[in-house]
Amino acid sequence: MTRSVFRFLSRQPETPELYGPNHFLRLPRYRDFDQWHKLRSESRAFLQPWEPTWRPDELTESSYRTRVLRNEQEFNTGLAVPFFLFHRPDDILLGGLTIGLIRRGASQSCMIGYWMGERYAGQGHMFAALRLAIPYIFRVLELHRIEAACIPDNGNSIRLLEKAGFEREGLLREYLKINGRWRDHAIYSLLADRATDNGGKEPS
């Protein structure tokens, strides 16, 4: 796997910043609103088929501030690590990757979800994000299993997961309400003892 850097800030609990050669992941901040608003607004038609129905106030600043606060609470309580994905060195927001539904005890697992701005899709950015997130999940969070649920006709997402080493396990019927409809989802997983050092094939 491409060498990544896990940098931690002084606040408690430790706040992760994951750096690769051309990308980095960190928690959302209030000052990211303008970039987030622009990217989500212009990508709405591209993203909406794969996401829950957007609320009327989805793109307002007050809704965004509530989202950031909720993200911080979920991180502080160990439930999730919601990352924004940026391009280096210009700090351009590309999308997001969330490590969510973190379960401890006998499970030691999580669920990942991600989104990418339309203008940056298909360029290998999310694969680079996974190459940063996967070792963080297994080595730092010390989880055993990563899960991802994907609508079966989302070919781009399926190819991304398979390229990163995930294996399909089965079908979850009417698993999530996406864009106003209950949709089946294929369930994929990656296990700690099956993850490769190179994080799947190199991006083309």
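The values are calculated or read from the model by the stated rules, or taken from the named source; none is laboratory data. Computed from a predicted structure; not experimentally measured. Glycine gets a Cβ as well: all are built from the backbone with ideal geometry, and neighbour counts include every protein chain shown.
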### Query
Hey, among the residues in segment 62-101 that are among the basic types (K, R) and in contact (Cβ under 8 Å) with a residue 24 or more places away in the chain, which one's nearest to Y120 (Cα to Cα)?
R88
### Query
Here are some residues: A148, A106. Which one is within 27 Å of Q73 (Cα to Cα) and surrounded by 14 or more Cβ atoms within 10 Å (Cβ to Cβ)?
A148
### Task
Determine which single condition F127 fails, assuming it passes every other condition in (1) of a type in the set (F, W, Y); (2) more than 30 Å from D34 (Cβ to Cβ); (3) out of contact with any strand residue (DSSP E or B) (no Cβ under 8 Å at 6 or more places or on another chain).
(2)
### Summary
Residue set R44, R31; condition under 21 Å from I178 (Cα atoms) and at pLDDT 95 or above; output residue R44
### Message
Take residues that are more than 16 Å from A133 (Cβ to Cβ) and polar (S, T, N, Q) and tell me which of the strands (runs of 3 or more DSSP E) falling wholly in segment 13-109 contain 3 or more.
### Response
none
### Query
Under the condition of being in a loop (DSSP other than H, G, I, E, B) and touching a helix residue (DSSP H, G or I) at 6+ places or on another chain (Cβ under 7 Å), which residue from segment 153-164 is nearest to F127 (Cα to Cα)?
A164
